[in-house]
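Engineer: Take this structure first; my questions come after.
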Amino acid sequence: MLFNSLEFAIFLPIVFIIYWLVLGKRHYLQNIFLLLSSYIFYGLWNWYFLILIIFNSLINFIVGIKLEKIDNPLLRKGLFFLAIIINLTPLILFKYTNFLIESFSDLLSLVGFNVHITTLYILLPLGISFYTFKTLSYIIDVYTQKIKASTNILSFFVYVSFFPQLIAGPIERASSLLTQINKERKFNYNLTVDGMRQILWGLFQKIVIADTLAKTANIVFTNHTNMIGSDHIIGILYFTFQIYCDFAGYSNISIGVSKLLGFPSIQNFNYPYFSKNIAEFWNKWHISLSHWFRDYIFIPLGGNRCKNLKYIRNIIVTFALSGLWHGSGYTYLVWGILNGIYYIPLIFHKIIKKENNITNNSTIISIKKFLQIISTFVMISFAWIFFRAESITDALLYIQGFWTTSIFEKPTVSTIGIIFIIVFVVIEWNGRHKEHPLQMEKLPAIVRYGIYYALLALIFFYSGTESSFIYFKF
Amino acid sequence: MKKFILKLLLFSIPIYLVIGSFFVFDPFKILYSYNNLNQSAIDGVPLNNDFLGTEVYINQVKQYQYDSFVFGNSRSMGFRSKDWQKYLKSTASIYYFVASSENLFGISKKINFINNTNGVIKNALVLLDYNTLYQTKESNKFHNKKHPAITKKWLPFYFSALDDYLGRFTIEYIDFKLFNTYRPYMKNIDNKTDVSFDPQTNEWTPSGFNKQIESEGQLYYKNRSNIFYERNNLQSFHPPVIEQKQLLLLKEIKAIFNSQKTNYKIIIMPLYDQIKLNDKDIKKLNNIFGESNIYDFSGINEYTKDMTNYYEDSHFKNNVGHNILNTIYNNQI
């Protein structure tokens, strides 16, 4: 079920009404209902893959308890690694089998054996990368004794399959979400209203901005070899905003829905395109995933408390894995490594710090900061070419298209999207201190409602054929 | 909680109005009964001709006692009922049980429907091409969805219609309905397609094309050189398309034809692209229906060579249908 579909527009109010009005004061029943709703939400796409989620939940619930009870360190370690393997096996099987087959075939041809290996048609279970990372973090946290193992099977099953976050995150940790599931929830007016606003903003990002830009971006990326340089610039500019609005839009709807059900959630995007360097960008883009890689890959590898060369290795390995998490292909790997390489100058200049001056209240920023933002944006956009391209060759051909004088010619593709981008950037800039730009309680009610209706009208006008979210395939 | 629900209900009033307009105006003409639905679009709204064709059949079968059927997609308009009637008994009552983008699933379901509702199929023309054979499931698009009386899926059908209505289309539709003026932003409003349907036989007539050809004469083809693209005169073939699912549907059709003792002809239509249906598929069709009932006009031949046999690159003219019927019924093949 897509968040931007009529089915979901019917499903959500039914869940909301039963959850609060019928089961409002019965916490246990609320959790049972949440689990059922989550399974219906997922099962409407594919009932078979629901078995995988149930299996994953059950295994991790049992292993979590066992890890806490076992005193023998060796046995504990053994069980921990077994759990990691069990968690990763379906992910590797469903997501990386073809990539591994192709890589093996490529390797053989490199050493002179040209073999024709057939790849398999494998349907990727929706959300597998997300819920696997969720349960992995749980097992690691229990093993390292950061959290206590859940003894409530219902709560744990709800944690794994919680429908607002099931398909494309945010990847919320057990320390936050599971704790909330275990607690009684009371209807909170302000939280619910804010959730509604966030859903509205998410739908606007997805339907009005992302889907509009996608049309031209897709045309350019499909036919770029026949297009002029300025089309290439338009194509990547549009895709840069498309992927942001698509995924941040999804996250906003997901977080908004969580709020409607009484779960304040973590912020997953914090205006990343206003970042002054790559480190800041990754602190603001898909925050739940970035932090996951930081806590479970980068820090265990040694983090930044080591010599520069090791530090660089840790960064590159982390980003390469992050790239592969996004997709099983060389393009994603290159995209990840490229982002890692962007870090290297920062490491040598030791300018990775959490300083975030851009969130000060002034509308005007210094030229230096402006140039930093622009240069970071250009680097990020450049890396997205690899993310979007069909192959490395395709990406290189796309880049080649920039090196012609035709980048100064009038684009042959639609440029109307630039107006959308400008309006969107202005709104985001104005709202950059808030969790989402529609947190505008200080405005008079008439203005606020005017804005809500305007957004609703735009969403309505641009909706019609709902399109899937890019991050669904991850 | 009460405050929230009340505010939300008030805030959503425009949404109720929009949803209400679907039930009041019934833009796709699927909720209430109508006369004179023999048009491709009403108030600028392209109608689901598959639904309407079935609706007309249900309403009129008793009156006209249909017993001779044409099954296929919009290309069926290349075959005129008066041409076919010549080869049938004078009492034969023809019905075009066709639809835009019809597929094998639809043809099979319709034949089943006639059979299950005690209809009679004395004669049948089954018009096939690669695309018709390729699809074995119902389309997800509302405009190609079957009548729920055929599929027994009532809720998904009406839900899909509402889904199609809500959004940009609503605004375009209400604007067009209020002012009866076509504006450039109206992407979903159809002010071009001009196809009329015979109220008795449901036979389609491409009135719009005929008018254009009449007014433009020979320039019609020159003006559309991008549509009538050059072909390379080398015979190419479609990949084999008849697999297990298609075989099941075809055998189902054959079983009903046998039980009804239907006199049927299966025609592979001559398309502008000149790509021939794969020999393996022809063999499979021959095996099921018998060689004497299969007539393959796909590929390079006298009909497909001449571009003036076509309205555009998808639909052939009546003279082609006329000659094909003549060839088939006079065993000149």
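Engineer: Compute the angle between helix B:318-329 and the longest alpha-carbon principal axis of chain B, please, reported from 0 to 90 degrees and rounded to the nearest 10.
Structural biologist: Long axis of B:318-329 versus the principal axis of chain B: about 50 degrees.
Engineer: If you don't mind, another one. Would you mind listing how long region B:25-329 runs along its three principal axes, going by Cα atoms, in whole Å with the largest first?
Structural biologist: Result for region B:25-329: principal-axis Cα extents of 56, 49, 39 Å.
Engineer: A:Ser109 to A:Lys215: extension gain in nm, 0.36 nm per residue of separation minus the Cα-Cα distance?
Structural biologist: Full extension of this stretch gives 34.4 nm more.
Engineer: What residue among A:Ala168, A:Leu50, A:Thr144 has its Cα farthest toward the positive end of the dipole of region A:6-186, where the charges are +1 on Lys, Arg and -1 on Asp, Glu, each on the Cβ?
Structural biologist: Toward the positive end, the furthest listed residue is A:Thr144.
Engineer: Here's another thing I want to ask about it. Using only the alpha carbons of region A:6-186, what is the convex hull's orientation-averaged projected area in square nanometres?
Structural biologist: 13.3 nm²
Engineer: Is it possible to state the helix-based mean residue ellipticity at 222 nm for chain B, with each DSSP H run of 4+ residues giving -39500 (n - 2.57), the sum divided by total residues, to the nearest 500 deg cm²/dmol? What is it?
Structural biologist: It lands at -13000 deg cm²/dmol.
Engineer: Can you list the residues, at least 5 places off or on another chain, whose amide H is less than 5 Å from the amide H of B:Asn263, using H built in the peptide plane?
Structural biologist: Amide H neighbours of B:Asn263, under 5 Å, 5+ apart: B:Asn123, B:Ala124.
Engineer: Stretched out fully, how many nm does the piece from A:Thr222 to A:Arg448 gain, at 0.36 nm a residue minus the Cα gap?
Structural biologist: Working it through step by step, the gained length comes to 77.3 nm.
Engineer: Label points 7 Å out from Cα along the Cβ direction at B:Lys222 and A:Lys77: separation in nm?
Structural biologist: Reported label-point gap for B:Lys222 and A:Lys77 is 8.7 nm.
Engineer: Here is a follow-up. Measure nothing but the geometry: give the 0 to 90° angle between the long axis through the Cα atoms of B:2-11 and the longest principal axis through the Cα atoms of chain B, rounded to 10°.
Structural biologist: It works out to around 60 degrees.
Engineer: Please compute the modelled spin-label separation between A:Glu390 and B:Leu155, points set 7 Å along Cα→Cβ, answer in nm with one decimal.
Structural biologist: 4.1 nm
Engineer: By per-residue mean of other Cβ atoms within 10 Å, what is the highest-first order of A:196-203, A:337-344, A:440-447?
Structural biologist: For the peptides A:196-203, A:337-344, A:440-447, the packing ranking is A:196-203, A:337-344, A:440-447.
Engineer: Name the residues of region A:413-448 whose amide N is less than 13 Å from a point 7 angstrom out from the Cα of B:Phe11 along the C-beta direction?
Structural biologist: Label zone hits: A:438-441, A:445-446, A:448.
Engineer: Right, another one. When you count, for each residue, the other Cβ atoms within 10 Å and take the mean per peptide, how do B:232-244, A:223-235, A:412-424 rank with the highest first?
Structural biologist: A:223-235, A:412-424, B:232-244
Engineer: What FRET efficiency comes out for A:Val425 versus B:Lys305 if R0 is 60 angstrom and r is the Cβ-Cβ distance? Round to the nearest 0.05.
Structural biologist: Efficiency for this residue pair is about 0.60.
Engineer: What are the extents of the Cα atoms of region B:18-112 along their three principal axes, in Å, largest first?
Structural biologist: Result for region B:18-112: principal-axis Cα extents of 51, 28, 25 Å.
Engineer: Taking only the alpha carbons of region A:188-247, what extent do you get along each of the three principal axes, in Å, biggest first?
Structural biologist: Cα spread of region A:188-247 along its principal axes, largest to smallest: 55, 13, 12 Å.
Engineer: If each DSSP helix of 4+ residues adds -39,500 (n - 2.57) and the sum is divided by the residues in chain A, what number results at 222 nm, nearest 500 deg cm²/dmol?
Structural biologist: Helix-only estimate at 222 nm: -20500 deg cm²/dmol.
Engineer: If R₀ is 35 angstrom, what is the calculated FRET efficiency for the pair A:Ile32 and A:Ile85, using the beta carbon separation as r and rounding to 0.05?
Structural biologist: 0.65
Engineer: Determine the percent antiparallel among the DSSP beta bridges restricted to the protein assembly as shown, to the nearest 5.
Structural biologist: Percentage antiparallel, nearest 5: 25.
Engineer: For the protein assembly as shown, which whole percent of the accessible surface, found with a 1.4 angstrom probe, sits on carbon and sulfur atoms?
Structural biologist: Answer for the protein assembly as shown: carbon and sulfur cover 61 percent of the accessible area.
Engineer: Could I ask something else about it? With a ≥ b ≥ c taken as the square roots of the eigenvalues of the C-alpha gyration tensor of region A:159-206, please select rounded if a/c is under 1.5 and otherwise prolate if a/b is larger than b/c or oblate if it is not?
Structural biologist: oblate
Engineer: What lysines could a cross-link reach from B:Lys187, if we take a straight Cα to Cα line under 18 Å and drop same-chain neighbours fewer than 8 places away?
Structural biologist: A:Lys215, B:Lys141, B:Lys177
Engineer: Taking A:Lys77 as the anchor, which lysines have their alpha carbon closer than 25 Å to its alpha carbon, excluding any fewer than eight residues away along the same chain?
Structural biologist: A:Lys66, A:Lys69, A:Lys134, A:Lys146, A:Lys148
Engineer: Given a Förster distance of 56 Å, report the FRET efficiency between A:Thr415 and B:Ala255 from their Cβ-Cβ distance, rounded to the nearest 0.05.
Structural biologist: That pair, A:Thr415 with B:Ala255, gives E of 0.45.
Engineer: Considering the alpha-carbon set of region A:1-105 alone, what are its Rg and its Dmax in angstrom?
Structural biologist: Cα only, region A:1-105: 19.1, 59 Å (Rg, Dmax).
Engineer: Considering only Cα-Cα distances, which of the following residue pairs are longer than 23 Å: B:Lys89/B:Lys152; B:Lys62/B:Lys110; A:Lys442/B:Lys3; B:Lys86/B:Lys305?
Structural biologist: Table pairs above 23 Å Cα-Cα are B:Lys89/B:Lys152; B:Lys86/B:Lys305.
Engineer: In region B:25-329, what percentage of the DSSP-assigned beta bridges are antiparallel, given to the nearest 5?
Structural biologist: DSSP beta bridges in region B:25-329 are roughly 25 percent antiparallel.
Engineer: Could you report the buried accessible area between A and B, both sides summed, computed with a 1.4 Å probe and given in Å² to the nearest 100?
Structural biologist: That pair of chains buries around 1900 Å² in total.
Engineer: Further, regarding this structure: P(r) tail for the protein assembly as shown, what percent of Cα pairs lie past 46 Å?
Structural biologist: Above the 46 Å cut-off, the protein assembly as shown has 37 percent of its Cα pairs.
Engineer: Evaluate the Debye formula for region A:109-241 with equal point scatterers sitting on the alpha carbons, no solvent, and hand back log10 of I(q)/I(0) at q = 0.14 Å⁻¹, in q order, two decimals.
Structural biologist: For the requested q values the scattering log ratios are -0.93.
Engineer: Quick check for you: with a 1.4 Å probe and neighbouring chains kept, what is the accessible area per residue of the protein assembly as shown, in Å²?
Structural biologist: Solvent-accessible surface per residue comes out at 47 Å².
Engineer: If you find the alpha carbon centre of region A:37-55 and of region A:245-319, how far apart are they in angstrom?
Structural biologist: Using only Cα atoms to place each centre, the spacing works out to 27 Å.
Engineer: Here's another thing I want to ask about it. Residue by residue through region A:68-80, what is 3J(HN,Hα) from phi via Karplus (6.51 cos²θ - 1.76 cosθ + 1.60, θ = phi - 60°)? Round to whole Hz and write x for glycine and proline.
Structural biologist: Whole-Hz 3J(HN,Hα) from phi for region A:68-80: 7, 7, 6, 9, 4, x, 5, 5, 4, 4, x, 5, 4.
Engineer: Considering every Cα-Cα pair within chain A, what fraction, in whole percent, is farther apart than 36 Å?
Structural biologist: Counting every Cα pair in chain A, those more than 36 Å apart make up 32 percent.
Engineer: When Cβ neighbours within 10 Å are restricted to other protein chains, what is their mean count per residue of peptide B:160-166?
Structural biologist: Mean shielding by partner chains, rounded to a whole number: 3.
Engineer: Which lysines does A:Lys369 reach when only Cα atoms under 26 Å apart count, and residues fewer than 8 places away in its own chain are ignored?
Structural biologist: A:Lys276, A:Lys284, A:Lys350, A:Lys353, A:Lys354, A:Lys434
Engineer: Determine by what factor the alpha-carbon radius of gyration of region A:214-294 differs from 2.2 N^0.38 Å, reporting the quotient.
Structural biologist: 1.37
Engineer: Another question, if that's okay. Residue by residue, what Karplus-based ³J(HN,Hα) values in Hz, rounded to whole numbers, does region B:285-301 have, using 6.51, -1.76 and 1.60 with θ = phi - 60° and x for Gly and Pro?
Structural biologist: With coefficients 6.51, -1.76 and 1.60, one gets 5, 4, 4, 7, 9, x, 4, 6, 9, 10, 10, 9, 10, 7, x, 7, 7 Hz.
Engineer: Moving on to the next point. Evaluate the distance, in nm, between pseudo-label points positioned 7 Å from the Cα of A:Ile367 and of B:Ser292 along their respective Cα→Cβ axes.
Structural biologist: So the two model labels end up 9.2 nm from each other.
Engineer: Provide, for q = 0.21, 0.25, 0.26, 0.27 Å⁻¹, the log10 of I(q)/I(0) from a solvent-free Debye sum over equal Cα point scatterers in region A:121-195.
Structural biologist: -0.97, -1.18, -1.23, -1.28
Engineer: Let me ask another. By how many degrees, 0 to 90 and rounded to 10, does the Cα axis of helix B:49-64 deviate from the longest principal axis of chain B?
Structural biologist: Computed tilt is about 70 degrees.
The values are calculated or read from the model by the stated rules, or taken from the named source; none is laboratory data. Please read all numbers here as calculations on a predicted model, not as lab measurements. Neighbour counts are summed over all protein chains in view; Cβ atoms, including those assigned to glycine, are modelled from backbone coordinates with ideal geometry. Only protein heavy atoms, including side chains, enter the accessible area calculation; ligands, DNA and RNA are left aside. Shrake-Rupley method; radii C 1.70, N 1.55, O 1.52, S 1.80 Å.
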